[in-house]
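Novice: So that we are looking at the same thing, I have put the structure below in structure tokens.
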Amino acid sequence: MSLVYLNGEYLPIEQARISVLDRGFTFADGVYEIIPVFNGKILRPDEHLIRLANSLSSIAINNPCTSKEWRQIFSNLLADRTDDRNYSIYIQVTRGTGERNHIYDNELVPTVLVMCNPVNERDYSHGVTAITHEDIRWKYCHIKAITLLPGVLLKKLAKDTDGSFEAILIREGLVTEGASSNVFMVSEGQIKTPAKDGSILAGITRDLLVNLLQDNVPCCTEQKITEQELRQADEIWITSSTIGVVPVIMLDGMQVGSGKPGEIWKLANSIYESYKREL
Ligand code: PDD
């Protein structure tokens, strides 16, 4: 049976228990990380662990493990996943258990959960549809916080509107990101993605793709994207650890470009897929 890691122990998931006073439960006071594992190989573990460390320090939780300890937990959990499925490692660290008080005690011991789940192998290569919506989230989106209610509501709204997969978010006329992905667009042969600031999560897939495209023609520039530019884009892509690089073929019920996955997406996706294969 597959085990999960909880606070130093490896347990069947049914036996993994936390207190109802865990601040993750009462305040969503914690952060998380999702790390993909392809063919038994962890994609960009250092980058994910650095982002986890940044998220933790942004909310003043001491990192409960060293990089070596995290990696040991991952390999223990992966040890019995010897099939050829792809997995994602889910890490959640909360501030710990204490009385329900907004003001927290500095001495709390963080709760640490790590589990490894099979990835949904849906084929996205024909593209997905998306809606746009005002970015209703808080302003510290660079922190991978477990406070995901806006994202949950936005994804549900996208689905209920027209079966869309994603909600692409707009703040003050500028594209930020998807509810659970980063956004790229292509216009007149130029690839663009919003620059990293507090308004987006520094997606590991996003950063990898920007790097992989560095020596490519066209390369990708990191710059502001207006809502109008997005609506006139020839191609739109969304990226995340669990979906990879996915073309958006309809936006708010309107065709994006030709309404089919674009040629530049095909090129970018093949570069990303071959990077994964060569891991
Ligand atoms: N979400 N932006 C947001 C708001 C996200 O939630 C995610 C990923 C990304 C992409 O980041 P990365 O490439 O590192 O996965 C961008 C994960 C997959 C989730 O919450 O399920």
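The values are calculated or read from the model by the stated rules, or taken from the named source; none is laboratory data. This structure is a prediction, so every number in the text was calculated from the model and none was measured. Here the Cβ positions follow ideal geometry from the backbone for every residue, glycine too, while neighbour counts run over all protein chains shown.
Novice: Taking ASP234 as the residue in question, decide whether it is more than 15 Å from the ligand (Cβ to nearest atom), acidic (Asp, Glu) and crowded, with 16+ Cβ neighbours inside 10 Å. Step through it out loud before you land on a result.
Specialist: Details: more than 15 Å from the ligand (Cβ to nearest atom): yes; acidic (Asp, Glu): yes; crowded, with 16+ Cβ neighbours inside 10 Å: yes.
Answer is yes for this residue.
Novice: Tell me, yes or no, whether the stretch 203-218 has at least one residue that is more than 16 Å from the ligand (Cβ to nearest atom), among the small types (Gly, Ala, Ser), in a loop (DSSP other than H, G, I, E, B) and at pLDDT 95 or above.
Specialist: Taking every residue of the stretch 203-218 in turn, none turns out to be more than 16 Å from the ligand (Cβ to nearest atom), among the small types (Gly, Ala, Ser), in a loop (DSSP other than H, G, I, E, B) and at pLDDT 95 or above.
Novice: Could you tell me which residue of the stretch 18-51 is surrounded by the fewest Cβ atoms within 10 Å (Cβ to Cβ), considering only residues that are within 16 Å of the ligand (Cβ to nearest atom) and under 12 Å from PRO110 (Cβ atoms)? I'd like the intermediate steps shown before the answer.
Specialist: Here is the first cut: in the stretch 18-51, the ones within 16 Å of the ligand (Cβ to nearest atom) are 24, 28, 30-38, 42-51.
Still in the running and under 12 Å from PRO110 (Cβ atoms): 24, 30-31.
Numbers: GLY24: 23, GLY30: 26, VAL31: 26.
So, considering only residues that are within 16 Å of the ligand (Cβ to nearest atom) and under 12 Å from PRO110 (Cβ atoms), the one surrounded by the fewest Cβ atoms within 10 Å (Cβ to Cβ) is GLY24.
Novice: Can you report the number of residues in the stretch 243-279 which are within 16 Å of the ligand (Cβ to nearest atom), at pLDDT below 95 and assigned to a loop (DSSP other than H, G, I, E, B)?
Specialist: 1
Novice: Take the stretch 130-174 and flag every residue that is touching a Lys or Arg at 6+ places or on another chain (Cβ under 6 Å) and either of a type in the set (A, V, I, L, M) or over 21 Å from GLY24 (Cβ atoms) (or both). Full working, then the answer.
Specialist: Keep residues of the stretch 130-174 that are touching a Lys or Arg at 6+ places or on another chain (Cβ under 6 Å), which gives 135, 150, 174.
Once the filter is applied, which keeps residues that are touching a Lys or Arg at 6+ places or on another chain (Cβ under 6 Å) and either of a type in the set (A, V, I, L, M) or over 21 Å from GLY24 (Cβ atoms) (or both), the stretch 130-174 yields ASP135, LEU174.
Novice: Give me the pairs, please: first residue somewhere in the stretch 73-84 and crowded, with 17+ Cβ neighbours inside 10 Å, second residue anywhere and in a loop (DSSP other than H, G, I, E, B) and of a type in the set (Val, Ile, Thr), beta-carbon distance under 8 Å, and either six or more positions apart or on two chains.
Specialist: Close Cβ pairs satisfying both conditions: none exist.
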